[in-house]
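Data first, discussion second: the structure below is written as structure tokens.
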Amino acid sequence: VRRNDISRPAFVSHNEMEHQFLNDFTHKDTEDQASAWHEISNDLSSATPMDRLLCGDVGFGKTEIALRAAFRVVLGGRRVLVLAPTTILANQLYTSFYARLVPHAVSVEIVSRFRTAKKIKGAQKKILSGKNDILIGTHSILNDDIYLKNIGLLVIDEEHRFGVHQKEKIKCFKEGVDVLSMSATPIPRSLNLALAGIYSISLLQTPPLMRLPIITRVDFFCEQLIHDAICFEVERGGQVYFVHNNIQSIEHITGTLEALFPDLHIMFIHGQEASRDVEKKMGLFVSGNVNVLVCTSIIEAGIDVPNANCIIINNSHLFGLSQLYQIRGRV
């Protein structure tokens, strides 16, 4: 309610530059994407800060809408802060934002444990000298006032993954800032606030052109079934996620798969490994040099690999429904 009494200069559309940016999008907007962008564009053009929840499945185009909002705010002379719940997801967002925005002379930086101290210092210098437009990172960037300088828009990806303490931090500085929260599975509280009219809500329910529905199958653990699924996927040139959410036995299950597939490149990854190792292994998987990635739920809010169209979840009964939905959305 207090936010409704706050006003800020409107972020009006710079028609020619924005038109060029929208035209650079290589896919055709779905009906829901067009509608969501229209709603967010109107929010930004008003004198009241936006507080909107963008809800849609993985791969339905939430990031593209966030990119457009960020571009509008940067043209309006303010910086954009993009928050992700994990370092891997922050890296993926950095790749997407960098590829789309740098050709339009927008400066994009990332602060994460994967970055060297020298690169982080360089990012801080850019912010202090007014040469940074968009900063991407995990919630830890909320602890340093340098990163919050001249913020006009806060984008929160996978909003449901942030804890209460993190959300309280966000509330402390977001009162006069436009906020765009994104999630495939919003927590009941966020959904309730949206339905009550405290948040605005935009839904992306139309699948992109040529996207096929995910086929889900529930079975007992069976080596033959795993063998057939992985063989089918690899033979057609694809890659496979094998989710095993137990760090103590992840090496053992990797060994079992290596015995089943001696000719395939199989690798495991989990959150307790050194950040450099995680980054290196994910890089190998993304580049197609690893056939099967055995992983914990670290990939739940992780990287999008278009070539990985099969996911096997071991002991799926130990996951919550929203977790399964997120993990399933990786393919």
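For segment 1-62 versus segment 131-190, the spacing of their alpha-carbon centroids is 17 Å. Distance between the pseudo-spin-label points of S7 and L212 (7 Å out from Cα toward the beta carbon): 5.5 nm.
Rounded to 0.05, the FRET efficiency of the S35 and A99 pair, given R0 = 25 Å and the Cβ-Cβ distance, is 0.50. With helices as the sole contributors, the chain gives -12000 deg cm²/dmol at 222 nm; each DSSP H run of n ≥ 4 counts as -39500 (n - 2.57), and the sum is divided by every residue. At an R0 of 30 angstrom, the distance between the Cβ atoms of L225 and S287 translates into a FRET efficiency of 0.60. When exposed loop sites are taken as chymotrypsin sites (Phe, Trp or Tyr not before Pro) in a DSSP loop with at most 16 other Cβ atoms within 10 Å, the longest stretch of the chain clear of them is 26-219.
Computed over the alpha-carbon atoms, segment 186-323 gives an Rg to Rh ratio of 1.03, Rh here being the Kirkwood radius from the mean inverse distance. For the set K118/K171; K119/K281; K119/K280; K119/K169; K28/K62; K167/K280, the pairs lying more than 23 angstrom apart at their alpha carbons are K118/K171; K119/K169; K167/K280.
Just the accessible area per residue of the chain, please: how many Å² with a 1.4 Å probe?
Ligands and nucleic acids excluded, the result is 50 Å² per residue.
For the options I120, I214, I253, a Gaussian network treatment of the chain with springs between C-alpha atoms closer than 10 Å singles out I214 as fluctuating the most. Electrostatic bookkeeping for I214 treats Lys and Arg as +1 and Asp and Glu as -1; over the other residues with beta carbon under 12 Å from its beta carbon, the sum is +3. If you run the Gaussian network model on the chain, springs between alpha carbon atoms under 10 Å, then out of I134, I88, I298 the most flexible one is I298. Share of carbon and sulfur in the accessible area of the chain stands at 55%, probe radius 1.4 Å.
The calculated FRET efficiency for N307 paired with C172, based on their beta-carbon distance and R0 = 41 Å, is about 0.50.
Ignoring trypsin sites (Lys or Arg not before Pro) that are buried or in helix or strand per DSSP, and keeping those with at most 11 other beta carbon atoms within 10 Å, what is the longest stretch of the chain between them? Of all site-free stretches, the longest is 29-130. Stretching M17 away from Q248 to a fully extended chain increases their span by 77.9 nm, per 0.36 nm per residue minus the current alpha-carbon distance. Among the GluC sites (Glu not before Pro) in segment 95-191, those placed in a DSSP loop whose Cβ has at most 13 other Cβ atoms within 10 Å are E175.
Shape class for the chain: prolate, because the ratio a/c of the largest to smallest gyration tensor axis (alpha-carbon atoms, square roots of eigenvalues) is 1.5 or more and a/b beats b/c.
The values are calculated or read from the model by the stated rules, or taken from the named source; none is laboratory data. Predicted model only: the values in this text are computed from it and were never measured. Because the Cβ atoms are built from the backbone with ideal geometry, glycine has one as well, and the counts that use them run over all protein chains shown. We work out accessible area using only protein heavy atoms, side chains counted, and drop any ligands, DNA or RNA first. Shrake-Rupley method; radii C 1.70, N 1.55, O 1.52, S 1.80 Å.
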